[in-house]
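Novice: One structure, as structure tokens, below. Some questions next.
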């Protein structure tokens, strides 16, 4: 029944527009017909514009008021069916952004975000968000007929600049970690150099101790031989003591030689570092080689 009435009204409007030459009558009738076509195509925004045109007071006297009555009724239905979206954008930390340009399906729909709702036709749409210093972010959404204030949000990653204020927490943590790593490296270098120094002094102390012990034993053996030897001539029974004297003297000399080399190496390590465990500069270990010979010891090497 409703469709029959609408077809009758359309036919009457067409016949009336054909005989009436007034611009208002033509405008009202064209809007009346176009509104129903746009509505059937789900182009609700265009349908709303046409219904607003034929719902004007200028159209009230045409067709005994039926035209404006239909347009006003359909306008209310279409406005209730038009979906709306709210465009929003935030940075990586979640703070809202306003200086953002948004395109919907390639057409600019907002040059600044203010939180206001935007009416759109139902269906699938592509929204592109652009902000200074950030790459474009694209979001796709389906606007459902009759759904209001659907939020379309994009997260924009704005490039950091030197004038954006204090560093972020992650940057501060990263700097702290780098500082700690540098301190650990310095401590490791210090510990390494100190270890070489302690090792050298330990070897030196051990060599001196061995040299001292065998030196005392050699002196004791020599003292016992003083009574058995005259004018560098010794009794045959003293040959064992003579051998012990030579051995103990030789071991004592080697011990003192190693001790002297160890102490000298430790002093060199400390001198090149400033003090053990507290480096004043990066440590470069000297290439040292201790050497021993009959009756003499020493070290050779290069220093940087």
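Novice: Need one word for segment 34-150: rounded, prolate or oblate. Basis is the Cα gyration tensor (sqrt eigenvalues a ≥ b ≥ c); a/c below 1.5 gives rounded, then a/b vs b/c decides.
Specialist: It is prolate, given that a/c is not under 1.5 and a/b is the larger ratio.
Novice: I want to check the label-to-label distance for residue 27 and residue 239. Put each point 7 Å from Cα in the C-beta direction and report it in nm to one decimal.
Specialist: With each label placed 7 Å out from Cα toward Cβ, I get 14.5 nm.
Novice: Let me ask something else. Neighbour counts of other C-beta atoms within 10 Å: give me 234, 59 arranged from fewest to most.
Specialist: 234, 59
Novice: Cut-off is 10 Å between beta-carbons; in what order do 128, 93 appear when sorted fewest neighbours first?
Specialist: Lowest to highest Cβ neighbour count: 93, 128.
Novice: Next question, about the same structure. Under 8 Å for C-alpha pairs, at least 6 residues apart: give me the relative contact order for segment 84-155, rounded to a whole percent.
Specialist: 39
Novice: Once fully extended, how much extra length lies between residue 79 and residue 49, figured as 0.36 nm per residue of separation less the alpha-carbon to alpha-carbon distance?
Specialist: Difference between extended and current length: 9.8 nm.
Novice: How do 155, 221 rank when sorted from fewest to most other Cβ atoms within 10 Å of their own Cβ?
Specialist: In order of increasing Cβ crowding within 10 Å: 155, 221.
Quick note: the coordinates plus some simple rules give every number you see, no bench work behind them. These numbers come from a predicted model, not from an experiment. Note that we place each Cβ from the backbone using ideal geometry, even for glycine, and neighbour counts take in every protein chain shown.
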